[in-house]
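The values are calculated or read from the model by the stated rules, or taken from the named source; none is laboratory data. Model, not experiment: these values are computed from the prediction. As a convention, Cβ positions derive from the backbone with ideal geometry for all residues, glycine included, and neighbour counts pool all protein chains shown.
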Amino acid sequence: MKFSTKAIHTSGNDPQTGAVAFPIYQTSTFSQDVPGQPREFQGRRLSYGRSANPTRTALENSVAALEGARIGIAFSTGLAAINAILMTLKTGDHVLAAQDLYGGAYRQFMKIISNFGVEFSFVDTTDLNNIREGLRSNTKLLWLESPSNPLLNITDIAAAAEIAHEQAVTVVVDNTFATPWLQLPLQLGADLIIHSATKYINGHSDVVSGLVVTNDEELGAKIQFVQNAIGAVPGPQDCFLVLRGLKTLELRMQRHCDNARAVAEYLADHELVKKVYFPGLPSHPGHDIARKQMNDFGGMVSFVLKGEQKNFDAFFAGLKIFTIAESLGGVKSLIAHPPSMTHASMDEAARHKAGIDDGLIRISCGLENSEDLIADLEDALAKASQA
């Protein structure tokens, strides 16, 4: 079954009513005919809303199917999904992570989980030697983002996984930027996939949600236990909206990718732009690897603006279509300044070590006409050059 067909049909119709749009089961608990023997739905026992809900289960199973996995686990946010994986660790364990990763993940690593004796170190994972040298005897997780947030760096997932597995290290891939339409990390050797379903999977900027996907029964059981024990689960309304968004993922991603390519090519030729980060450009150092492990290059573009603060301020003030906001992956094009927004929780030294320039700007290309997006950037850059 092809991706678009699977995305539409995996959740199925409601088995109770035949409703073709899977319904919202707005309930906190479920009746049992015999005490301790709850009903089951698609492999999940229906006893209490924190433990399972049919709408949530339909979402979990749908995302798992699109990733080519057996197990999907939904959370209230992407950071809750990250936390659930980290909760499988213990004091003295070590995590080796990509140095240019989502600022919220870095904040959780360094300002919360490290307080419990879990060690973290960060390297440029695009250089496989850094992974080999960074792994320790107590390393339990190799944490990857590809493409990374916000620099769009590309890590060779298959090669990195092979290195990690030689030392029995679990490989985690944040697949938020790529989505299962562009990239299937489990097929490349990853053990766990994370999604901020807030982004492309939902696609409409009206939900916060997270997902973990795996084929590993033992890991899946551990994370499902954390999901139930901690209770950071999404409500059925949120699950319904994410499930609805999932059905149009392929169509949306095609437009996101086309728009990002057009924007990146425009910016690459502009005299006021110092550098463009987009794996679809042949000049990108990860271009060939991205072509090998992805179906397309994604909807995100980052760039560094030349000039002083006044140019920077004039650029943002001159935008009319792009919305200045955090998050990404929605139908509206968003633009952000990572050092003061998405990655403000990273201290300046860590940002600079990761290569996040103070003048870095990150674009999430939406579904508007690409000519309108480029015209908006052109107007804003003209105002910046005149500042």
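Quick notes on this structure:
- Residues of region 246-258 classified as assigned to a helix (DSSP H, G or I) and more than 13 Å from Gly330 (Cβ to Cβ), total: 6
- Residue match in region 216-227 (condition: surrounded by fewer than 21 Cβ atoms within 10 Å (Cβ to Cβ), in the same structural domain as Gly329 (by TED's automatic domain parsing) and assigned to a helix (DSSP H, G or I)): no
- Counting only helices (runs of 4 or more DSSP H) wholly contained in region 1-93, the ones carrying 2 or more residues that are in contact with a strand residue (DSSP E or B) (Cβ under 9 Å, 6 or more places away or on another chain) and not charged (D, E, K, R) occupy 54-66, 78-86.
- Unique residue being within 25 Å of Met110 (Cβ to Cβ), of a type in the set (A, V, I, L, M, F, W, C) and in contact with an Asp or Glu (Cβ under 6 Å, 6 or more places away or on another chain) when the list is Ala336, Ala350: Ala336
- Against the numbered list (1) touching a residue at least 12 places away in the same chain (Cβ under 8 Å); (2) more than 30 Å from Thr5 (Cα to Cα); (3) of a type in the set (A, V, I, L, M, F, W, C), Phe240 comes up short only at (2).
- The set of residues from region 40-90 being among the aromatic types (Phe, Trp, Tyr) and in contact (Cβ under 8 Å) with a residue 40 or more places away in the chain comprises just one member, Phe75.
- Residues in region 284-313 that are modelled with pLDDT under 95 and polar (S, T, N, Q): Gln309, Asn311.
- Of residues in region 128-158 being among the β-branched types (Val, Ile, Thr) and within 13 Å of Val95 (Cα to Cα), the one farthest from the chain's Cα centre (by Cα): Thr139
The rows are residues; the columns are (1) within 25 Å of the chain's Cα centre (by Cα); (2) modelled with pLDDT of 95 or more; (3) assigned by TED's automatic domain parsing to the domain that holds Val169.
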{"residue": "Ala7", "(1), (2), (3)": "yes, no, yes"}
{"residue": "Phe22", "(1), (2), (3)": "yes, no, yes"}
{"residue": "Gln26", "(1), (2), (3)": "no, yes, yes"}
{"residue": "Gly36", "(1), (2), (3)": "no, no, yes"}
{"residue": "Arg45", "(1), (2), (3)": "no, no, yes"}
{"residue": "Arg70", "(1), (2), (3)": "yes, yes, yes"}
{"residue": "Gly78", "(1), (2), (3)": "yes, yes, yes"}
{"residue": "Leu86", "(1), (2), (3)": "yes, yes, yes"}
{"residue": "Asp93", "(1), (2), (3)": "yes, yes, yes"}
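- Checking every residue in region 91-111 against the condition of being without any contact (Cβ under 8 Å) to a residue 12 or more places away in the chain and crowded, with 16+ Cβ neighbours inside 10 Å gives at least one match.
- Listed conditions (1) touching a Gly at 6+ places or on another chain (Cβ under 6 Å); (2) in a helix (DSSP H, G or I); (3) outside the structural domain of Gly299 (by TED's automatic domain parsing) are all met by Arg261, apart from (3).
- Among the residues examined, Arg70 qualifies as more than 30 Å from Ser302 (Cα to Cα) and touching a Gly at 6+ places or on another chain (Cβ under 9 Å).
- Complete set of residues in region 264-279 that are surrounded by fewer than 24 Cβ atoms within 10 Å (Cβ to Cβ) and under 15 Å from Ser370 (Cα atoms): Glu265, Tyr266
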